[in-house]
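Chemist: Take this structure, written in structure tokens, and hold onto it; I'll ask about it next.
The values are calculated or read from the model by the stated rules, or taken from the named source; none is laboratory data. Since we're looking at a predicted model, the values are computed, not measured. Every residue, glycine among them, receives a Cβ derived from its backbone with ideal geometry; neighbour counts consider all protein chains shown. Protein only, heavy atoms only, side chains kept; ligands, DNA and RNA dropped before computing areas. Shrake-Rupley method; radii C 1.70, N 1.55, O 1.52, S 1.80 Å.
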Amino acid sequence: MPLTDVSGKATALYQARRSRQPIEPFTDADPDLGMADGYAIAQHLTSLLIADGDEVIGYKVGLTSKPMQQLIGVDQPDHGPVLKSTMYADGDAVSLASFIQPKIEAEIAFVLGTGLRGPGVTVIQARQAISGMTAAMEIVDSRIADWRIKLADTVADLASNGAVAVSSRLLPLDGLDPRLIGMALTRNGELVDTGAGAAALGDPVAVVAWLANTLGDMGGSLEPGHLIMTGALHAAVPMRSGDVFRAEFDRLGPVTVRVVD
Amino acid sequence: MTQPIDAAQLAARLTKARADRTAIGPLSAELPGFDLAAGYAVQRQLRSEAGPLAGWKLGVTSRAKQVQVGVTEPVRGFLAAANALDIGAPLQLAELIQPRAEPEIAFVIGADLAGPAVSSADVLAATYGVAVAIEILDSVYTDYRFAMADVVADNTSAGRYLVGPCVSASGIDLRLTGVVLGLNGEVAGTAAGAAALGHPAAAVAWLVRSLAADGEGLHAGNLVLSGGLTAAIDVKAGDVVTVTADRLGSLELACR
């Protein structure tokens, strides 16, 4: 029975991030590696990145759709940190050289006005804690070769986080139902896909409650000002140099990412 | 060699298959040269036998589906008034062959509209209102395996349709209108209006231009289903289908 070797695996992922050389999935050699192992590795990896001067400014939640959960063989989402060094603004150029095998997803992002500490956080409490909603795109990436991920691999790899781009237009939720916010994603002016907020766990607000409760079980919490990426509204799209991706959300407006070498 | 087709005879075969609730093989597999024009000839025959018409519907309006089946344009069919479901009434599966549900945005046309150069803006100007809709597809062909000419002949798989209350389209960006398809309380798909040819009104504009080629057009009071926004889902007895569209409201359909 191999030891989990949390720090060794975290270091391997850390080096893969720095060198942009992917590694083989941990679950190849260690098929018993589970979700708890994944989060232990992720925590260690995050501390290595923070030691380099990075900062956790929020969380991304992944595996929020039934098709993705079925693909990975789970019945719940996973989460990873959003790192300050990976924040882009609307219209920014994003370089492929920063990633290994990036894909892009349009999502609704929330900013918290007050903190949330689980367990026991309800969707109503989550909604009350949210100060605003914004149009966002997430770039997912995997440090695991060819995206051959099982649950423990992607959890350890910070839920396959890459980068986020958010619009500066932050709207209060008053009277809006995030489940019904429609989104159209175009690449170079051509429609790629559409979706609505309900694609994320049925309700993006429920994603926040799930996140607060899951972090709470691990002794963590959500803080005021945290950015929460609530999960893709469509299937992730591979990125090529020269692509201009534009995700336009009803009421929230557009967010654009320009892909460069 | 292309054989001349007998639209009346083919329409009768489709009508009988439907009445018997027995799926058949695609017509194109047995009739060389059975093309889109032939498909529309069969559809016209069915339309002449369908009784009062409520309006029109579109099919293959998503780019992904067009690429998948190798076409660059949507297709159109007619809506028989007799196939409308009413709010609160269940879908009777015993009347259908292999029903599938999909969410759509419906247009109620307020003024006659015809011509070969009609645009989305013309459509919106002629629109009385829009509504959330559930279309029940029911292909006459086994397992929905067909060429485009077949599906056109089969009136674009039209089965039943349920349309919600009509609301004014003014101030609504239908391109971005969020739509959620639910099945038995779970999310089965989401989309925005753009899934229909980039904008539901663009899909209706295509319909008008397509009708113009046959010397036809839309009339005030016509209903138009602008195209499925998500992948269609199979429905069986006991299923409950819901469709919610932002600002347009919600529909719930029980399958018996």
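Chemist: Tell me, Kirkwood radius of the stretch B:20-163 from alpha-carbon pair distances, in Å?
Modeler: Hydrodynamic radius (Kirkwood, Cα only) of the stretch B:20-163 equals 16.3 Å.
Chemist: With every protein chain left in place, what is the accessible area per residue of the stretch A:6-260 in square angstrom, probe 1.4 Å?
Modeler: 38
Chemist: What residues have an amide H closer than 5 Å to that of B:Thr177, excluding those fewer than 5 places away on the same chain, when H is modeled at 1.01 Å from N in the peptide plane?
Modeler: The answer is B:Gly193, B:Ala194.
Chemist: Still on this structure, I have one more. Multiply the residue separation of A:Met87 and A:Arg20 by 0.36 nm, subtract the distance between their alpha-carbon atoms, and state the gained length in nm to one decimal.
Modeler: Here the answer is 22.3 nm.
Chemist: Next up: State in Å² the accessible area per residue of the stretch B:167-228; use a 1.4 Å probe, count heavy atoms of protein chains only, and round to the nearest integer.
Modeler: 30
Chemist: May I ask you to work out the translational diffusion coefficient for the stretch A:82-144 at 10 °C, viscosity 1.306 mPa s, via Stokes-Einstein with Rh from the Kirkwood sum over Cα pairs, reported in whole µm²/s?
Modeler: D = 113 µm²/s.
Chemist: Which ³J(HN,Hα) values in Hz, rounded to whole numbers, follow from the phi angles of the stretch A:91-105 under the Karplus curve 6.51 cos²θ - 1.76 cosθ + 1.60, where θ = phi - 60° and Gly and Pro get x?
Modeler: Couplings: x, 5, 7, 10, 8, 4, 5, 7, 10, 9, 8, x, 10, 10, 9 Hz.
Chemist: Further question: How long are the semi-axes of the equivalent ellipsoid of the stretch B:188-256, defined as square roots of 5 times the Cα gyration tensor eigenvalues? Whole Å, largest first.
Modeler: Those come to 28, 15, 12 Å.
Chemist: Roughly to the nearest percent, how much of the accessible area of the protein assembly as shown is carbon and sulfur, given a 1.4 Å probe?
Modeler: Carbon with sulfur: 53 percent of the solvent-accessible area.
Chemist: Here's a follow-up. Using mean Cβ contacts within 10 Å as the protection proxy, how do A:90-99, A:249-258 order, highest first?
Modeler: A:249-258, A:90-99
Chemist: Let me check against my output: what whole-number percent is the relative contact order of the stretch B:7-254, with C-alpha pairs under 8 Å and at least 6 apart?
Modeler: Relative contact order for the stretch B:7-254 comes out at 28 percent.
Chemist: Report D for the protein assembly as shown in µm² per second (integer): Stokes-Einstein, Kirkwood Rh on Cα pairs, 10 °C, 1.306 mPa s.
Modeler: Translational D for this selection: 65 µm²/s.
Chemist: Gap in Å between the Cα centre of the stretch A:29-71 and the Cα centre of the stretch B:5-76?
Modeler: Here the two parts' Cα centres lie 51 Å apart.
Chemist: Additional query: Mind checking how much accessible area A and B bury in total, 1.4 Å probe, in Å² rounded to 100?
Modeler: 1400
Chemist: Per residue Cα convex hull volume for the stretch A:1-70, in cubic angstrom?
Modeler: Given the Cα convex hull of the stretch A:1-70, per-residue volume reads 116 Å³.
Chemist: Then there's this: For the stretch B:90-134, just the Cα atoms, rotate onto the principal axes and tell me the three extents in Å, largest first.
Modeler: Each principal axis gives a Cα extent; for the stretch B:90-134 these are 41, 21, 16 Å.
Chemist: Kindly state, as a whole number, the per residue volume in cubic angstrom of the convex hull around the alpha carbon atoms of chain A.
Modeler: Taking the convex hull of the Cα positions in chain A, it is 113 Å³ per residue.
Chemist: Using modelled amide H (1.01 Å from N, peptide plane; none on Pro or chain starts), what sits under 5 Å from the amide H of A:Glu107, excluding residues fewer than 5 places away?
Modeler: The list, which skips near neighbours in sequence, is A:Ala136, A:Met137, A:Glu138.
Chemist: Right, here's the next one. Taking a cut-off of 17 Å between Cα atoms, list the lysines near A:Lys66, but don't count ones fewer than 8 places away on the same chain.
Modeler: A:Lys150
Chemist: Please figure out what share of the DSSP beta bridges in the protein assembly as shown is antiparallel and state it in percent, rounded to the nearest 5.
Modeler: Close to 85 percent.
Chemist: For a quick check: with amide H placed at 1.01 Å from N, whose amide H comes under 5 Å from A:Asp78's, ignoring anything fewer than 5 positions away on the same chain?
Modeler: A:Gly62, A:Leu63
Chemist: Could you name the aspartates and glutamates whose alpha carbon sits less than 17 Å from that of A:Lys9, not counting residues in the same chain fewer than 8 places away?
Modeler: Cα-Cα hits under 17 Å: A:Glu24, A:Asp28, A:Asp30, A:Asp32, A:Asp37, A:Asp153, A:Asp157.
Chemist: On to the next question. Give me the net charge of A:Val255's neighbourhood, meaning all other residues with Cβ under 12 Å from the Cβ of A:Val255; Lys, Arg count +1, Asp, Glu -1.
Modeler: Result for the local shell: -3.
Chemist: Sticking with this structure for a sec: Spelling out what I want: for every residue of the stretch B:169-182, take phi, set θ = phi - 60°, compute 6.51 cos²θ - 1.76 cosθ + 1.60 (Karplus), and round to whole Hz; glycine and proline get x.
Modeler: In residue order, the calculated couplings are 7, 5, x, 9, 8, 4, 4, 9, 4, x, 10, 10, 9, x Hz.
Chemist: Report the equivalent ellipsoid semi-axes for chain B in whole Å, largest first, defined as the square roots of five times the eigenvalues of the gyration tensor built from alpha carbon atoms.
Modeler: 27, 22, 16
Chemist: Here's a follow-up. Which ³J(HN,Hα) values, rounded to whole Hz and listed in residue order, are derived for the stretch A:131-146 from phi using the Karplus coefficients 6.51, -1.76 and 1.60 in 6.51 cos²θ - 1.76 cosθ + 1.60 with θ = phi - 60°, glycine and proline given as x?
Modeler: Here the 3J(HN,Hα) series is 9, x, 10, 9, 6, 9, 10, 10, 9, 8, 8, 10, 7, 9, 3, 6 Hz.
Chemist: I'd like the residues of the stretch A:243-259 whose 1.4 Å-probe accessible area shrinks by no less than 10 Å² going from the isolated chain to the full set of protein chains.
Modeler: Hits at the 10 Å² cut-off: A:Glu248, A:Asp250, A:Arg251.
Chemist: With just the Cα atoms of the stretch B:78-202, tell me how far they stretch along each of the three principal axes, in Å, largest first.
Modeler: Computed over the stretch B:78-202, the largest-to-smallest principal extents equal 40, 36, 26 Å.
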